[in-house]
1. Give me the number: length gained by fully extending residue 81 to residue 205, i.e. 0.36 nm times residue separation minus the C-alpha to C-alpha distance, one decimal in nm.
2. So if I place +1 on the C-beta of Lys and Arg and -1 on the C-beta of Asp and Glu, and nothing else carries charge, what would the dipole magnitude of segment 33-347 be about its Cα centre? I want it in debye, nearest 20.
3. Ranked from highest to lowest mean number of other Cβ atoms within 10 Å per residue, what is the order of the peptides 251-258, 336-343?
4. Sorting check: for 225-233, 149-157, 48-56, which peptide has the highest mean count of neighbouring beta carbons within 10 Å, and how do the rest follow?
5. To the nearest 20 Debye, how big is the dipole of segment 222-348 about its Cα centre, given +1 on the beta carbon of each Lys and Arg and -1 on that of each Asp and Glu?
6. Would you grab the residues whose amide H sits under 5 Å from the one on residue 133? Only those 5+ places off in sequence or on another chain, please, with H modelled 1.01 Å from N.
7. Hey, rough spin-label estimate for residue 274 and residue 193, points 7 angstrom out along Cα→Cβ, what's it come to in nanometres?
Amino acid sequence: MSESIRAVSPLSVERNNLAPGRAAAGGPTVREWVRHAALFLLTALTTTTAGVLLAVDLGEVPEPAWAAPAWWFDYLLLVPAYYYHALAAVAAHAVANPILLMRGATFAAALLAILVAHEAGHYLACRYYGVNATLPFFIPAPPFFLAGTFGAFIRIRSPIPSRRALFDIGIAGPLAGFAVILPIALVAMLTAQSHASPLPTEGVIIFNDPPLLRLIAAALGITDLSNVAPNSLYFAAWIGLLVTSLNLMPVGQLDGGHAIYALCGTRSHRRVGRVAFVVMATLAPLGLIWHGAPSGFVYALLLLIMLRVRHPQADDESDRLGRGRLLVALLTLAVFLLSFVPFPLTLT
């Protein structure tokens, strides 16, 4: 998933002197609305298809014809054709089984609600502080990718006026998204059913539960989540928590990086980011050994890239956040701890 905010250096654009509470000049044009709506609708299509793939029993779908490749270059020609025919077969199967289509749509609606809330939090905070920002860009992904989307982001096109504004804009997205995740996760657990048959011990992907899902399960008297069959809402909540924890990593221009910069300044922002990278780089091989999954290396690579991106300064670096925002920072830390799981997947 992509990061949620892309900021710019204050040296690259004119200063924005609008007061807090006043919207930035020049709202989205009709052309921009059309472009962003098209990306959103395309993402809705790919996430719906991904939701169908999460719900379907692939054994019921006819296997596409597959010509055995003669040498490695044949894969470049055959894999796209196989992918297209497999996707067409799944789509035809879903149309013939409306309940599958409904599950796919449920997954897409829940996941997009989380992403929309997250990006709306950033966007509305930008408007409040008079910061010029784009509408959210939703990024569709091939449906065989787990979520059918690479996430969403807004692009900030003017400087941040103060550290308080930076803090508010940075944490508004994760908190808004988390507020939507809570009811989705609760309903997911309330409607969960037990596995109809024991799970195979090999060749499966296990979704390791974040602390929030474990707490909700415990509150509902569910003692063993391994016996619970994930449903569409569970997958949406799980991915939403993954995105939230990733964005709250205290590195670079991720949301957590913005919060740390606003709280502690440039030096501490760099130090905390390096510590976060070292921790994830240390956990990565352990995840591969214990869980058979390389996801930790993806985390570490992302953090390394973020470390190399300079964080732009706010126009006013002298202001302090105050006690209220420090309490909100603690709340945001709690959201991260409830969302973060060091080893999201186990591959057997």
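Values quoted throughout were computed directly from the atomic coordinates according to the rules given, and no laboratory measurement underlies them. Everything numeric in this text was worked out from a predicted model, so none of it was measured. Counting neighbours? That spans all protein chains shown, and the Cβs are built from the backbone with ideal geometry, glycine included.
1. Working: separation 124, 0.36 × 124 = 44.64 nm, distance 2.53 nm.
Full extension of this stretch gives 42.1 nm more.
2. On the way: 17 positive and 14 negative charges, 270 e Å.
Taking the Cα centre of segment 33-347 as origin, the dipole is about 1300 debye.
3. Numbers: 251-258: 26.4, 336-343: 18.5.
Ranking, from highest mean packing down: 251-258, 336-343.
4. Details: 225-233: 17.1, 149-157: 21.0, 48-56: 22.9.
Order by mean packing, descending: 48-56, 149-157, 225-233.
5. Values: 9 positive and 6 negative charges, 81 e Å.
For this selection, approximately 400 debye.
6. 157
7. Using points 7 Å along Cα→Cβ, the separation is 5.4 nm.
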